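The values are calculated or read from the model by the stated rules, or taken from the named source; none is laboratory data. These numbers were taken from a predicted model, which means no experiment stands behind them. Every residue, glycine as well, gets a Cβ built from its backbone with ideal geometry; the counts of neighbours run over all protein chains shown.
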Amino acid sequence: MHRLAFLAAASAVALAAPAQAEPLKIGIIESLSGAQTSTGRLYANAVEYGVDQINKAGGFNGEPVQVTEYDNAGGAPEAADKFRQAVADGVDIIFQGASSAIAGQLTEDVRKHNIRNAGHEVMFINLGGEAMELTGEKCQFYHFRFTTTAPMRVNALVNAMKADGDLGTKVYSINQNYSWGQDMQKAVEAAADTGGYEVVGEVLHDVNKIQDFAPFVARIKAAAPDTVFTGNWSNDLLLLMKATGDAGLDVTFATAFLDQPGNIANAGKTAIGHYIANNYDNAASDGKFAEDYKAATGHYPIFVEGHSAFALAQLKQALDTLDFGGGEIDVTKIALALEDSTYDSPVGPSSVRKADHQTIRPVVVSKVVENPKYPADDTDMGFQTVKVVPGEDAIYPVQDSCQMKRPGE
Amino acid sequence: MEFAIVSTLNGVTYGLLLFMVSAGLTLIFGMMGVLNFAHASFYMLGAYVAYAVSSAFGFLAGLVVAPILVGIVGMLVERFLLPRVHAHGHAHELLLTFGLALIIEELIKLFFGDFPVNYQMPGDLRFSAFTIFGSDYPFYRLFIGGMAVVMFALLWLLLTRTRTGIVVRAAERLPAMAEALGHNIPVVFMAVFGTGAALAGLAGAVAGAFYPTNPNMGIELGVIVFVVVVVGGLGSLKGSLLASLLIGLFSSFAVGLDWSLAGLFGLVGLGDWARAIGGLMTLKLSSVSATIPFALMLLVLLVRPAGLMGERN
């Protein structure tokens with residue numbers, strides 16, 4: 001009895017204490033174990049760096065922004081599970097980047113959650129899921145894509161390589177047989193007229209299951225292309241490039257993920273002269289951001305870290321326009337502010353297209369050279385910027401399949 | 001003709017690599033009845049050990065140290081871990097090695113990082129053996145194939161033509177009898193397990209320099225190696241060789257063939273109808289080439305449940 005009375009008194013005191021301001025909570029639902037750890041870890045690093053920057057500038061709503069990592073182990077079912085946990089923890093904004101399949105799961109989970117919990121919405125900032133359907137059939141108000149898509153990368157590559165005279169007139173497309181690879185193949189076909197090339201062959205193959213690419217190289221050789229377009233990542237890119245190099249085939253690769261750590265070192269001299277289109281490269285900027293990042297984390301931003309940090313910087317700009325006065329956080333207002341934001345990233349301005357929440361962003365095209373300014377993987381090779389294609393030139397029309405329902409509609 | 005020759009060459013060398021990795025697995029299962037799920041992890045461990053050693057003492061040193069070290073790890077596993085669950089049967093041994101595989105993978109990530117490491121073959125081995133139809137054929141592929149052939153010959157001779165082989169086979173058939181005749185059965189089993197692990201380590205050291213050495217290499221090859229062993233017949237060395245070559249050749253030829261079900265229907269004039277249906281009908285063989293080994297496994301299991309050369313057909 002005595003104890004009960006004490007408890008009652010204690011809770012009365014706790015309730016009477018002045019209400020603390022509500023902190024903004026960010027959840028990183030990322031592949032932190034399993035096969036995609038290497039990529040997931042980098043996204044998580046960059047988000048944490050970005051949150052640190054926000055907190056250094058005073059946080060948000062009178063409190064430091066809180067960030068929690070959730071490990072989805074590389075699978076969509078685990079991601080759905082971790083999303084429920086994040087919601088239970090009161091997370092306002094979730095981040096994910098390593099997989100389109102997981103992004104597809106999360107964006108649906110977020111959409112359903114927001115229908116059922118009006119007033120307690122959650123927002124999803126997609127840092128790397130490039131599948132077209134995420135801003136097509138699956139597009140929704142609370143999903144924002146802060147990365148490129150296949151047509152943006154391909155158009156930028158065609159544009160820059162043609163100007164450099166490295167494109168040629170015969171193009172081969174080899175891609176992984178799932179949404180991303182199929183998007184790449186379609187983009188390569190679609191850009192044939194503007195690029196003035198003929199697609200002499202195309203093949204889709206299983207994702208990261210193939211150990212031996214020699215048979216594919218034999219196919220490519222038979223078609224005799226000048227340039228090979230591939231959206232392959234991880235082993236599929238490395239093995240393909242190595243097999244091509246071993247066969248002594250003289251083609252230029254136009255890639256999307258050549259900057260994945262370990263690729264340049266493993267490919268060796270075979271990599272020289274190949275192209276990549278991505279969101280950001282240190283060599284394309286004035287170097288200030290790269291130095292800041294290095295000072296904070298101990299290394300220059302690599303692979304996806306740069307553009308992921310910019311997503312947080314853009315979010316910070318949006319947050320700066322809002323003031324909830326220490327009260328409850330309204331995620332819908334944050335989303336609306338993010339729609340209106342324009343962030344001047346080190347490689348050019350980035351803004352959100354309201355119709356489908358794809359960011360209109362610059363695409364950097366680079367080429368592997370010897371003795372670059374920022375060497376990759378402790379080698380003497382690295383990327384040299386060929387061209388920075390501004391956002392308005394890289395963007396493609398909104399897909400017809402996107403029917404976005406805005407809040408209040 | 002060019003297609004057939006190039007595909008055969010690629011298929012055979014890839015098949016021999018598969019054999020090199022699966023030989024140890026077959027040996028361990030055939031002689032001890034342990035289905036070692038961690039086998040592909042030993043393969044990965046071999047590649048990483050060779051990488052670490054070769055960066056200090058050269059490529060050859062890596063090739064020698066990797067199998068020895070991985071073999072010792074294998075022996076320790078057999079000596080201290082497996083006996084604890086042996087009494088509970090195969091399922092427990094399988095689960096134990098499965099857990100071991102996860103632990104090895106995470107340990108590798110802890111020590112060597114998440115990214116592929118820069119394990120390269122020495123420049124002296126990086127040349128083309130010959131030129132065929134205008135493309136170079138890397139010598140290292142032949143080197144891998146040659147190693148596999150030597151490995152098969154040595155193992156086969158050891159098991160069938162030497163006294164040691166007789167003791168090992170006796171230990172497998174009638175362990176109590178062999179023990180009664182004065183042979184130290186636990187030591188024999190430990191040696192067999194160690195040899196199997198060492199073979200995986202050697203395969204890793206050789207193949208890791210050709211394919212990327214990364215923390216996923218175990219998972220990537222692990223599944224296919226099990227397919228090889230099942231298709232060949234659990235425990236049959238010759239079966240493994242046959243299955244590896246079959247899988248290598250099938251995968252290699254499938255890549256070059258844009259066959260689809262619609263094409264098949266086209267032969268009887270129903271091509272347009274099949275293409276209109278789409279979906280499975282227009283799926284090209286080349287886009288599912290990595291799935292072919294699994295289809296082959298299904299077929300073999302249906303027709304010969306014990307595998308191509310398994311004993312209990």
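Looking at the stretch A:336-358, is at least one residue touching a helix residue (DSSP H, G or I) at 6+ places or on another chain (Cβ under 9 Å), within 14 Å of another protein chain (Cβ to nearest Cβ) and surrounded by fewer than 22 Cβ atoms within 10 Å (Cβ to Cβ)?
For the stretch A:336-358, residues touching a helix residue (DSSP H, G or I) at 6+ places or on another chain (Cβ under 9 Å), within 14 Å of another protein chain (Cβ to nearest Cβ) and surrounded by fewer than 22 Cβ atoms within 10 Å (Cβ to Cβ): absent.
Given (1) buried (at least 17 other Cβ atoms within 10 Å of the Cβ); (2) β-branched (Val, Ile, Thr); (3) closer than 24 Å to residue A:241 by Cβ, identify the lone condition not met by residue B:132.
(1)
From the residues in the stretch B:1-12 that are crowded, with 24+ Cβ neighbours inside 10 Å and not small (Gly, Ala, Ser), which one is nearest to residue B:252 (Cα to Cα)?
B:10
Find all pairs meeting these conditions: Cβ atoms under 7 angstrom apart; at least six residues apart or on different chains; first residue within the stretch A:167-189 and more than 19 Å from residue A:221 (Cβ to Cβ) and free of Cβ contacts under 8 Å to residues at least 40 places away in the same chain; second residue assigned to a helix (DSSP H, G or I) and polar (S, T, N, Q).
Correct list of pairs: A:177/B:287.
Tell me, which residue of the stretch B:179-237 that is outside any helix (DSSP H, G or I) and more than 14 Å from chain A (Cβ to nearest Cβ) is surrounded by the most Cβ atoms within 10 Å (Cβ to Cβ)? Walk me through it before giving the result.
Filtering the stretch B:179-237 for residues outside any helix (DSSP H, G or I) gives B:181-184, B:208-216, B:233-236.
Still in the list and also more than 14 Å from chain A (Cβ to nearest Cβ): B:181-184, B:233-236.
Working: B:181: 10, B:182: 6, B:183: 16, B:184: 13, B:233: 26, B:234: 22, B:235: 24, B:236: 21.
Only one residue tops the list, namely B:233.
Test each condition in (1) among the charged types (D, E, K, R); (2) over 28 Å from the mean Cα position of the chain (by Cα); (3) within 30 Å of residue B:10 (Cα to Cα) for residue B:238 and report the one that comes out false.
Of (1) among the charged types (D, E, K, R); (2) over 28 Å from the mean Cα position of the chain (by Cα); (3) within 30 Å of residue B:10 (Cα to Cα), only one is false for residue B:238: (2).
Among what's in the stretch B:53-85 and is without any contact (Cβ under 8 Å) to a residue 12 or more places away in the chain and of a type in the set (A, V, I, L, M), pick the residue that is farthest from residue B:192 (Cα to Cα).
Checked the stretch B:53-85; the qualifying residue farthest from residue B:192 (Cα to Cα) is B:56.
Before we move on, is residue B:88 free of Cβ contacts under 8 Å to residues at least 24 places away in the same chain, loosely packed, with under 15 Cβ neighbours inside 10 Å and part of a helix (DSSP H, G or I)?
On the way: free of Cβ contacts under 8 Å to residues at least 24 places away in the same chain: yes; loosely packed, with under 15 Cβ neighbours inside 10 Å: yes; part of a helix (DSSP H, G or I): no.
Against the criterion (free of Cβ contacts under 8 Å to residues at least 24 places away in the same chain, loosely packed, with under 15 Cβ neighbours inside 10 Å and part of a helix (DSSP H, G or I)), residue B:88 does not qualify.
Out of B:28, B:5, which single residue is within 11 Å of another protein chain (Cβ to nearest Cβ), in a helix (DSSP H, G or I) and β-branched (Val, Ile, Thr)? Steps first, please.
Numbers: B:28 fails: within 11 Å of another protein chain (Cβ to nearest Cβ).
After ruling out the rest, the residue left standing is B:5.
Pick from B:263, B:310, B:269: which is buried (at least 16 other Cβ atoms within 10 Å of the Cβ) and either at pLDDT 85 or above or outside any helix (DSSP H, G or I) (or both)?
Working: B:263 fails: either at pLDDT 85 or above or outside any helix (DSSP H, G or I) (or both); B:269 fails: buried (at least 16 other Cβ atoms within 10 Å of the Cβ).
Going through B:263, B:310, B:269 in turn, just one is buried (at least 16 other Cβ atoms within 10 Å of the Cβ) and either at pLDDT 85 or above or outside any helix (DSSP H, G or I) (or both): B:310.
Among the residues of the stretch B:112-125, write down those that are facing chain A (nearest Cβ under 9 Å) and crowded, with 17+ Cβ neighbours inside 10 Å. Show your work before the answer.
If we filter the stretch B:112-125 for residues that are facing chain A (nearest Cβ under 9 Å), which is where we start, we get B:113-120.
Selection gives B:114, B:115, B:116, B:117, B:118, B:119, B:120.
Testing residue B:111 on (1) farther than 30 Å from residue A:38 by Cα; (2) modelled with pLDDT of 90 or more, one condition comes back false. Which one is that?
Tallying (1) farther than 30 Å from residue A:38 by Cα; (2) modelled with pLDDT of 90 or more, residue B:111 fails exactly one: (1).
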